[in-house]
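Below: the structure, in structure tokens.
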Amino acid sequence: MNKKKLTILRNKRKARVRGKLKAKSSLPRLVVTRSLKHISAQVINRQGVVQAAVTSKNQSFKGKTKTEQATEIGKLIATKLLKKGITAVVLDRGSYKYHGRIKALADAVIKK
């Protein structure tokens, strides 16, 4: 597949995920963003205000794999949410598949 077609498919997936989230849920959404080196998570309420945010750019993860970093970020965001009294969120994975680092982060939030 060429780059243009992949971009179109990615944008379709992103719109499909976001559309389902906004139509069905009144819960805050846990937005996950990843790059080749880092991963970040932020919780946004229905009005668009960021409630909590954590990124691997500010943390020291010497010797850990990217999946282990995602797990740690998930634990950190879950701790921040519990301190603010937020017990339920909806995962907004954007155009990313629920696999690998995204799954590790989500599982860490659920277990905490």
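Scanning the range 17-25 turns up no residue that is at pLDDT 90 or above and more than 14 Å from the chain's Cα centre (by Cα). Residue by residue through the range 73-97, note down the ones that are within 16 Å of S40 (Cα to Cα), part of a loop (DSSP other than H, G, I, E, B), over 10 Å from the mean Cα position of the chain (by Cα) and among the hydroxyl-bearing types (S, T, Y). S95, the sole residue that qualifies. Based on this model, can you work out whether S40 counts as under 15 Å from R93 (Cα atoms) and not aliphatic (A, V, I, L, M)? Against the criterion (under 15 Å from R93 (Cα atoms) and not aliphatic (A, V, I, L, M)), S40 qualifies. Taken over the range 32-51, the criterion of being over 17 Å from D107 (Cβ atoms) and of a type in the set (A, V, I, L, M, F, W, C) is satisfied by L36, I44, V49, V50. Which members of the range 80-112 meet the condition of being on the phi > 0 side of the Ramachandran plot and either among the aromatic types (F, W, Y) or surrounded by 12 or more Cβ atoms within 10 Å (Cβ to Cβ) (or both)? Passing the criteria: G94, G100.
Pairs linking a residue in the range 60-72 that is within 11 Å of R101 (Cα to Cα) to a residue that is assigned to a helix (DSSP H, G or I) and small (G, A, S), with Cβ atoms under 6 Å and 6 or more positions apart or on different chains, are T67/A104; A70/A104; T71/A104; T71/A108. Taken over the range 20-53, residues that are under 14 Å from I102 (Cα atoms), surrounded by 17 or more Cβ atoms within 10 Å (Cβ to Cβ) and either of a type in the set (V, I, T) or free of Cβ contacts under 8 Å to residues at least 60 places away in the same chain (or both) amount to 6. For the range 1-41, a residue qualifies if it is farther than 18 Å from A53 by Cα and not in a helix (DSSP H, G or I), and the qualifying residues are M1, N2, S25, S26, L36.
The values are calculated or read from the model by the stated rules, or taken from the named source; none is laboratory data. Everything numeric in this text was worked out from a predicted model, so none of it was measured. Note that we place each Cβ from the backbone using ideal geometry, even for glycine, and neighbour counts take in every protein chain shown.
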